[in-house]
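Asker: Quick one: this structure, given as structure tokens, is what I'll be asking you about.
Bear in mind these aren't lab numbers, they're just calculated from the coordinates by the rules spelled out. All of these numbers come straight from a predicted model, not from anything done at the bench. Ideal geometry is used to build each Cβ from the backbone, glycine not excepted, and the neighbour counts take in all protein chains shown.
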Amino acid sequence: MSALSVNHLLGIKEVSTDDIKLILETANQFKEVINRPIKKVPTLRDITIANLFFENSTRTRLSFELAEKRLSADVINFSASSSSVSKGETLVDTVNNILSMKVDMVVMRHPNPGAGVFLSKQIDATIVNAGDGAHEHPTQALLDAYSIKEKLGDLQGVRVAIIGDVLHSRVALSNIFCLQKLGAEVMVCGPATLLPKYISSLGVHVEYNLDKALAWCDVANMLRVQHERQDIKYFPSVREYTMQYGLTMDRLNALNKEIVVMHPGPINRGVEITTEVADSHQSIILRQVENGVAVRMAVLYLLSQ
Ligand code: CP
């Protein structure tokens, strides 16, 4: 059962605009709840959720766990590094063992693109994708859209530039789908080596010059340079990348407008964004994290109905 048109949240591509709007409206109500002195509601009292993390995470993992606990769900946590996966157990065997403990929903982060889709065809539980390789990170896109809407009032016609390592980014792809469904215009900007060749077929503007992208946009979403996914050199040096694509106060001050600065985290301070910018009043980075809890509460609640 689900109050959305989908039974799992595997990616934003498969989710309708009405679903996204319903999630964002529901998140508004949960944001009000988590700002009350008593932050907990009994909504998922009879539901057990397993958080399966086959890849490192700080924000997403803590945010889902907090969202689940605020909804009064029973929660179990699994980390691949300290599990029997290292003894050769398969993904399906691991998950089926967890499900035999009567788990209703699975929140999963996995390094392989499509892992959530694969799992949804193998097991009888609701799956929420918490990031699958360089494919999708749907709840990040939803919390990003929520945060832009909260800051600017609407997404319709808003110009969002997604800047940096688009090639290795699941955040970029989910953001493109989500923002376009909500009526925003999207640009990607970065060195040609870090922009996938297919990207213009998604209907986004493509720009290689950071200052031009900043002059165009209302919102700059800075992406982390994902050194851990780069098996070859995509740019000559980190210093050169920072000179060409690092967001600095000088660059922001050279604009004749004040843009909103976002970053999904974790931040490489001094690489894609300076400390001054990350901590400036234009940055909504911590607001994104705060909103993530309400948005994830909305997703879990709507999928469970
Ligand atoms: N934004 C994000 O997914 O951060 P984590 O990798 O820390 O979860």
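Asker: Over all pairs of distinct alpha carbons, what does the Kirkwood formula give as the hydrodynamic radius of segment 138-288, in Å?
Answerer: So the Kirkwood estimate lands at 15.2 Å.
Asker: Here's a follow-up. Find the relative contact order for the chain and round it to a whole percent, using C-alpha pairs within less than 8 Å whose residues are 6+ positions apart.
Answerer: 22
Asker: ³J(HN,Hα) across segment 240-251 via Karplus (A = 6.51, B = -1.76, C = 1.60, θ = phi - 60°), whole Hz, x for Gly/Pro?
Answerer: 5, 4, 5, 4, 8, 10, x, 8, 10, 5, 4, 5
Asker: Return one number: the angle in degrees, 0 to 90 and rounded to the nearest 10, between the long axis of the Cα atoms of helix 285-304 and the longest principal axis of the Cα atoms of the chain.
Answerer: Approximately 30 degrees, to the nearest ten.
Asker: DSSP loop (so not H, G, I, E, B), at most 15 other Cβ within 10 Å: list which GluC sites (Glu not before Pro) in segment 1-101 pass both filters. Write down the numbers at each step before the final one.
Answerer: Working: sites: GLU14, GLU25, GLU32, GLU55, GLU65, GLU68, GLU89; in loops: GLU14, GLU55, GLU89.
The qualifying sites are GLU14, GLU89.
Asker: Please give the residues of segment 122-136, grouped as numeric ranges, whose backbone N is less than 18 Å from a label point set 7 Å along the Cα-to-Cβ vector of ASP46.
Answerer: In segment 122-136, the label zone of ASP46 (backbone N under 18 Å from the point 7 Å along Cα→Cβ) covers 125-126.
Asker: Sticking with this one: Roughly how many nanometres apart are two label points built 7 Å out from the Cα toward the Cβ at GLN122 and MET101?
Answerer: Distance between the two pseudo-spin positions: 1.8 nm.
Asker: Taking the square root of 5 times each eigenvalue of the Cα gyration tensor, what semi-axes in Å does the equivalent ellipsoid of segment 3-58 have, largest first?
Answerer: Taking √(5λ) for each Cα gyration eigenvalue gives 22, 19, 13 Å.
Asker: Might you report the magnitude of the Cβ-based charge dipole of segment 138-288 about its Cα centre, with Lys and Arg at +1 and Asp and Glu at -1, to the nearest 20 debye?
Answerer: Values: 15 positive and 16 negative charges, 52 e Å.
In debye, rounded to 20, segment 138-288 gives about 240.
Asker: Hey, another quick one. What 222 nm value per residue comes from the helices of the chain, counting each DSSP H run with n ≥ 4 as -39,500 (n - 2.57) and dividing by all residues, nearest 500 deg cm²/dmol?
Answerer: Values: 11 runs with 118 residues, N = 305.
Value at 222 nm, helices only: -11500 deg cm²/dmol.
Asker: About its Cα centre, how strong a charge dipole does the chain have in debye, to the nearest 20, once Lys and Arg get +1 and Asp and Glu get -1 at the Cβ?
Answerer: Working: 31 positive and 33 negative charges, 60 e Å.
The calculated dipole for the chain is roughly 280 debye.
Asker: Same structure again: What does the convex hull of the alpha-carbon atoms of segment 65-168 project to on average, in nm²?
Answerer: Dividing the Cα hull surface by four gives the mean projection, 9.0 nm².
Asker: Compute the Kirkwood hydrodynamic radius of the chain, taking the inverse of the mean of 1/r over all pairs of distinct Cα atoms, and give it in Å to one decimal.
Answerer: 19.8
Asker: On to the next question. Give the order of ASP165, ASP93, ASP19 when sorted by the count of other beta carbons within 10 angstrom, beginning with the fewest.
Answerer: Ordered by Cβ neighbours within 10 Å, fewest first: ASP93, ASP19, ASP165.
Asker: Let me ask another. Sequence-distant or interchain residues sharing an amide H contact under 5 Å with VAL260, placed H: which?
Answerer: The list, which skips near neighbours in sequence, is VAL219, ALA220.
Asker: Per-residue HN-Hα couplings for segment 167-175, Karplus 6.51 cos²θ - 1.76 cosθ + 1.60 at θ = phi - 60°, whole Hz, x for Gly and Pro?
Answerer: 4, 9, 9, 7, 5, 4, 5, 5, 5
Asker: Report the normalised scattering of segment 1-132 as log10 I(q)/I(0) at q = 0.19 Å⁻¹, calculated by the Debye formula with identical scatterers on the alpha carbons.
Answerer: With one equal scatterer per Cα and no solvent, log10 I(q)/I(0) is -1.21.
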